[in-house]
Each structure stands twice: as structure tokens, then as C-alpha cells.
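A.B. asks: Shown below is the structure under consideration.
Bear in mind these aren't lab numbers, they're just calculated from the coordinates by the rules spelled out. Note that the structure is a prediction, hence the values are computed from the model and not measured. Because the Cβ atoms are built from the backbone with ideal geometry, glycine has one as well, and the counts that use them run over all protein chains shown.
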Amino acid sequence: PQRIYYLSLEFYMGRTLQNTMVNLGLQNACDEAIYQLGLDLEELEEIEEDAGLGNGGLGRLAACFLDSMATLGLAAYGYGIRYEFGIFNQKIVDGWQVEEADDWLRYGNPWEKARPEYMLPVHFYGRVCHTPEGVKWIDTQVVLAMPYDTPVPGYKNNTVNTMRLWSAKAPNDFNLQEFNVGDYIEAVLDRNLAENISRVLYPNDNFFEGKELRLKQEYFVVAATLQDIIRRFKSSKFGCRDPVRTCFETFPDKVAIQLNDTHPALSIPELMRILVDVEKVDWDKAWEITKRTCAYTNHTVLPEALERWPVSMFEKLLPRHLEIIYALNQMHLDRVASLYPGDIDRLRRMSVIEEGDCKRINMAHLCVIGSHAVNGVARIHSDIVKNSVFKDFYELEPEKFQNKTNGITPRRWLLLCNPGLADVIAEKIGEGFITDLSQLKKLLDFINNEAFIREVAKVKQENKLKFAAYLEEQYKVKINPSSMFDVQVKRIHEYKRQLLNCLHAITLYNRIRSDPSKSFVPRTIMIGGKAAPGYHMAKMIIKLITSIGEVINNDPYVGDKLKVIFLENYRVSLAEKVIPAADLSQQISTAGTEASGTGNMKFMVNGALTIGTMDGANVEMAEEAGEENLFIFGMRVEDVEALDRQGYNAQEYYERLPELKQAVDQISSGFFSPRDPNCFKDIVNMLMYHDRFKVFADYEAYIKCQGQVDQLFMDPRKWTRKVIRNIACSGKFSSDRTIMEYAQEIWHVEPSATKIPPPNLPRD
């Protein structure tokens, strides 16, 4: 079969024990066996460390995709880096985020198997030598890539795929070559320099930091993986007659490489280098093979997130790849020039090389010219990709551009994390939905079934009680389980607008204070997420949230009408607890900034209602469930663009809206930071004078929309009917559907739903 290679610098896997039991259909058997040993399986599950080899959405998407590819019976491999330290653990100290190293391998990892027999060399630095026999890359430094394999089981289909993560190892002669005469001890200690490549995950989400170690990580995973792919291609029985295949004509028919963002973009010049320099394939033929093999997924339109590497860094680290990129770019620009004669500005815009004081390589442009398919991750995002980010490229080759709306695996995000809900659904419509989530549509028949409405509400209440107990046990915070659980969990970023949520919390507080006797829909506002360690504004936002909580949660006038809780160390295993307990899901990014979002889908399938902007996959969620069944508010992309043309003036909103002014003045005056009245001056200054994400412009609509949320929450039956409709319409957002579309429209393979026989039975 054709093999699919999903290349990603992040795989945010979380815990593996329960997922393995679910997919193998062993959960009840294990539960019973462990119980008979006098142990509690749930207590055991809490001991496992998360595999936190990702930052957020992009890394978690890769994990969901692996589950779906195995469940659909695809011959797929996930390839990445085995970071010794994953995403940092977050501690909150005095209201501030403090990072600590995630030593997740401290007690070993029972799910991985080292494969030293497949260890491969990766080359760095050196120089390029042009000889009559072809091009040679010589005098390089070598680092060894040691593979570790983790099994990826499909759901009850006896398929087990592989995730192969590379770890960096110094060769035994490292720094002990001829020129290094005396210092044996120093040389052995220097092995760390090579092995640092797989030491730690860069903790930036949607932000590019051009560090040499990161570029080394990107080439390391690409070089090791491509050698592995080619070894497997050559040794497989299909295709050419040769005992060892030397003909690469059939390569794109047997190999598909999916690039998860631009991080593995070096696959394109590296495959060219192997084909041309090593396998002696003709340049044009090699380029055709490369393009037919690679496909690129774009994950963001934020300019600060785009990878633009200095040419000087490439020159030193990967001199041959720089030559290849220059040659590919020349070829590309020649083609553009012939189609658009005299359009110099178009050539500048479309070049892979950005001229300027510091010449840079635009990795997204490299991916677009080197791939046969380019996709965004939600319809609105794919449209923005075509109409603005890669507009020139779209005009050149419109057939390249596709949309593949993200999804989530219903195994982890429904069956595993919300067994109560999965049970009441299965009672009504059977278990088919687990591998065909579109079957949730059948729940529409029960939208007025009083017993079902009660069941669904009961499951939600049980999940809320359980989460409240967890919070009390872990963090000693008491919350009112009959309050509305209003949840925003995601990385802390200005574009995700946790500040808008803060302004709402302050507004609610001021309303309670101004009339404490008035009846009030009680809320517990929970906000969680990590800030990149170098992102000052994001860290200030966390301090603001904790400070607001300090004031509100200790005000006797408020009682348990309102609480603001910061959820410490948000990660996959915490998401599995909080999402099933949520009533309201906040998805409030500025329209046009969140490429897709996937948390939004998890909340929807778990019976929360969404308050959100028309951004990312929210648009398609509203389309599936009906806009009236979500709480949609605020500017659309067109409105944001119009406001940009007109000029956004925060001052105007501040002066026009008294509740907004009061909230901002409180932040500014030190009402929430009495010990340090100037604590939040940077936040206020940003909001008033350079807010790229226009928080104030959506404030009024947001507050009004939150009022409608309160109204509905006061009628539990109407609320729950809306919940059921949302769940019933969430089927599109399974990653099985997403992967089916990748398979058919990008990889050109047919997924098979057929269950292969178990290993104890003879095969046909």
C-alpha cells in the first residue's frame, strides 16, 4: 500500500494507558482485574505522566490524526522528535506563571521501544564540493538519530501503527578526531552539544523565534525520517523489478509526506539533495518526484508566526540545502517572470528569498512551491490563505489549494473523557457513532424526549460535581457546582482575547456590587493555559486573571454568585477533566485570527454551548448546528477589515461605554493590584493605544451576548435541548472525517474500514 508519513515537530499525546485500553476494547476487563487486586484503576491512571511533546492545537491535532489514521486502517507513520523535556509545567506563584522543567522520562516510558538497529547519521555544517562526479557535502559534523517507536492502536480493528520519535546521540568519535590532540575529558563532555538537539521542546505557540538550535531540530527530524522513508521504499517488495530499487519513478505512488506546518519544510530540499546528489536522479525529474510526494498544511496567518530563517544561518549549518533552495527559487521566479513579464513587485512578493538588511528564507513559500497540495484547516482560514496570505501563489496554481477542516478523535474526546455521556448516547443510537460520528445526527429524534433531556442534564451535573471535587482536592478551591461553568482553556495569546473574558468578569462583578440584592445567574469563570516564557504580555494577562480572582473571590458581597479561577498547568490530562464539566465554551478570538481551533469541537461534542466569534471552525459549527444554537457575536472578517481601513480607535469605545470605562479604570488604578497600582499599565496602554486584536470593538456585543447566555441558563430544559442539538450536529468534527478527506483528496489512498484478523487467527 501507499505509505503516509506525517511529519511534525510536535505530538501532544497526553496519557496512553486509558487510550490503549479503550482502543483495544479492554477497559472493562482491566478495570475488573485491577479491582480484584484491591487497586483502583482511576488512581493508577493519575500516576502516568502526560507526554507533553507539543504546545497546543498543532501538536494535539497530530495526535488525533494518528488515532484516526490507525482507526481507518491507513499505513501511516508519525515522525517527530523525542524531546527529553516537553512543554514546561506551569506553577502559579503570587499570581505569576513560573515554569519548571517537564522531566517526563524520569521514571522511564513503558510505551516506547528503542530501536538502536535503525540508528541513522545526520550531517551538519561542512562545505559543498562541486566535482565532475557530482556535488559532495563534505567535512560535516555527524549526529546520530536513535529511533524510539510507540505503538498507535486503531479502535478495535487490530491495526497498530507506529509513531517513531528520534533522539540525538553523539557518535563515539565525537570531538575525538585528529585535530583534537589532548583533551579527552573535554571531548567526552562535549557530546552534550550534539545530544542537546533533542533535549527540549521550544515552548512558543504561534510565534517564530529564529534560534539555531531550533533549525537543527527541524533538519534533524527531516534528515533521519527521509533516510528511513527511502530505506523502506527500496527494501519493499512492490514496484520495480530490481532486487534493490534504484528507480524512483514510482516513489510518489508509494510515499506521501504531509508537512505539519512549515517546521518540517526542509523535507523539500533534503529530498532533492538525496535524489540528485546521492541517487543521481536528473534535476527536473527529482523536482517532479518531490512535488508529487510532499503536501503542506498551513496552520496560521499571523505574520509573527511565519518561519523566516536568516540565509547566514543556513550558509553555516546547511550549505548544500541553501544552494538547492536558491536553484529552486530561480526556477520558480523564471516561471513567474515568463507568465507576468515586467511585474517586478510580484517577483519580490513571491520569492522564497526575502531581500533586505538580513536576507531570509520564507519557509511557507518554499512549502507552497515544493508541494502538490496546500491546505488550510477550516473553510474561513483556507479562504484567507487563498485571498491574502498566498494570493499570488493561488493565482498561479489555484488547483493546489484545498481546505481540510480540523477534527478531534471521538475515542479520547468522548468515549475516554466522558463515558457517562457516551453511555446515554449509545443507549439511544447504538455504538456506531464511535467510528462514524455523523451518526450523532440520530439524536435529533430525541430532542423533545423528556427522559433523554433529563439523562443528558444528569450526566453534565455529575461531571461538574466530579470536577468541583477535583479542584477542591488539588487546589483547595471551593466552587458552587450549581453555577454555570464558564470555561476558556487554550494557550494565552492576545489574539485569543482572554482579556475580553476578563473585562466581562469585571463587568459582572461591578453589576453585583452595584445591586447585591438583585437576582443573578451564578457563574464560575475558569480560565486556563500556558504563556510562552518570553511573551511578556501573555504573562501579564495571567497575573491580571489571578488578581481579578483574588478580589472577586474574597468579596463578601459576591458570595458564590461569581468566582474567577485560573486553572493551573492546563494540559491534555486536565482538558479531559474540565471539558466534560463545562457549560459554556469561550471561543472569542478576533475574526480572521484563529485558523481553526479544536478545543471548540471538544466542548461541542461534550455538551457545552459555545459563545464565540465567526472565526475558525466556529463558522462551520454554527453552520452545522444552526447559528441560533450558538451564541455568536461580534465583528466578522469583513468588519475587522473595514475597521482597519477606517482606523481602530480604542478611545472612542472607552468614552462611549461607561461599563467598559469603569472596568479599564479599575485595572489601571490598581483596584485589582493594591500593592502595586501600576502593575497593569502595560496591559491598559496596549488596549488603549496599540491593540491589534480590537478587544474594545467587540466588548459591547460580547456583554450583550453573555446576557443572552444568562437568560437561557435560567431555563435548564431549553438549555439542555440546545445542548442535545449541538451534540447531534457535531459529527462533522471527527478527525476520522478529516483524515478521510486527506486520504482521498491529497494522498490518493482509500481508507479501509475492514477489521484485520487478530494475530492469534491465521490470515487468509
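A.B. asks: Provide the per-residue ³J(HN,Hα) series for the stretch 518-532, in order, calculated from phi with Karplus coefficients 6.51, -1.76, 1.60 and θ = phi - 60°, each as a whole number of Hz, with x at glycine and proline positions.
C.D. replies: 5, 6, 8, 6, x, 9, 10, 8, 10, 10, x, x, 9, 9, 4
A.B. asks: Do the sum for the chain: with -39,500 (n - 2.57) for every DSSP H run of n ≥ 4, divided by all residues, what is the mean residue ellipticity at 222 nm, to the nearest 500 deg cm²/dmol?
C.D. replies: Taken over the chain, the calculation gives -12500 deg cm²/dmol.
A.B. asks: In addition: Hey, any idea what Rg/Rh is for the chain, computing Rh the Kirkwood way over Cα pairs?
C.D. replies: Using Cα coordinates only, the ratio equals 0.97.
A.B. asks: Any chance you could check the Cα centroid distance between the stretch 682-756 and the stretch 386-409 for me, in angstrom?
C.D. replies: Each part reduced to its Cα centre gives a spacing of 21 Å.
A.B. asks: Round to a whole angstrom and tell me the spacing of the C-alpha centers of the stretch 6-66 and the stretch 454-501.
C.D. replies: Value for the Cα centre distance between the two parts: 22 Å.
A.B. asks: Round to the nearest 0.05 the FRET efficiency obtained for residue 338 and residue 125 when R0 = 45 Å and r is the Cβ-Cβ distance.
C.D. replies: E(calc), rounded to 0.05, equals 0.75.
A.B. asks: In whole Hz, with x marking every Gly and Pro, tabulate ³J(HN,Hα) for the stretch 344-358 from phi via Karplus 6.51 cos²θ - 1.76 cosθ + 1.60, θ = phi - 60°.
C.D. replies: So the Karplus estimates, Gly and Pro as x, are 5, 5, 5, 4, 5, 5, 9, 5, 6, 9, 8, 7, x, 4, 10 Hz.
A.B. asks: Continuing with the same structure: Name the long-range amide H neighbours of residue 260: under 5 Å, sequence gap of 5 or more, or other chain; modelled H, no Pro or chain starts.
C.D. replies: 7
A.B. asks: Translational diffusion coefficient of the stretch 481-716 at 37 °C, 0.692 mPa s, Stokes-Einstein with Kirkwood Rh over Cα pairs, in µm²/s as a whole number.
C.D. replies: 182 µm²/s
A.B. asks: Now for a separate question. If a helix is a whole DSSP H run, which ones in the chain reach 27 Å or further along their own axis (Cα) and hold a mean Kyte-Doolittle hydropathy of at least 0.0?
C.D. replies: Flagged H segments are 319-339.
A.B. asks: While we're on this one: Whole Å is fine, so just give me how far the alpha carbon centre of the stretch 78-153 lies from that of the stretch 421-438.
C.D. replies: If we compute the Cα centre of each part, the gap is 39 Å.
A.B. asks: Applying the Karplus parametrisation 6.51 cos²θ - 1.76 cosθ + 1.60 with θ = phi - 60° to the phi angles of the stretch 298-304, what ³J(HN,Hα) value in whole Hz is obtained for each residue in order, glycine and proline being reported as x?
C.D. replies: 8, 10, 7, 10, 5, x, 6
A.B. asks: Same structure, new question: Express as a percent, rounded to the nearest 5, the fraction of DSSP beta bridges in the chain (both residues included) that run antiparallel.
C.D. replies: On the way: 35 of 81 bridges.
Counting only bridges with both partners in the chain, antiparallel ones make up about 45 percent.
A.B. asks: If you filter the stretch 497-570 for trypsin sites (Lys or Arg not before Pro), then keep DSSP loop positions with at most 12 other Cβ within 10 Å, what is left?
C.D. replies: 518
A.B. asks: Taking H as built 1.01 Å from N, whose amide H comes closer than 5 Å to the amide H of residue 375, not counting residues under 5 places away?
C.D. replies: 296, 297, 298, 402
A.B. asks: I need the GluC sites (Glu not before Pro) found in the stretch 139-200, filtered to DSSP loop residues with at most 15 other beta carbons within 10 Å of theirs.
C.D. replies: When the GluC sites (Glu not before Pro) of the stretch 139-200 are filtered for loop state and at most 15 Cβ neighbours within 10 Å, 178 remain.
A.B. asks: Sticking with this structure for a sec: I'd like the chymotrypsin sites (Phe, Trp or Tyr not before Pro) in the stretch 125-158 restricted to DSSP loop residues with at most 10 other Cβ atoms within 10 Å, sorted by number.
C.D. replies: Hits after loop and neighbour filter: nothing returned.
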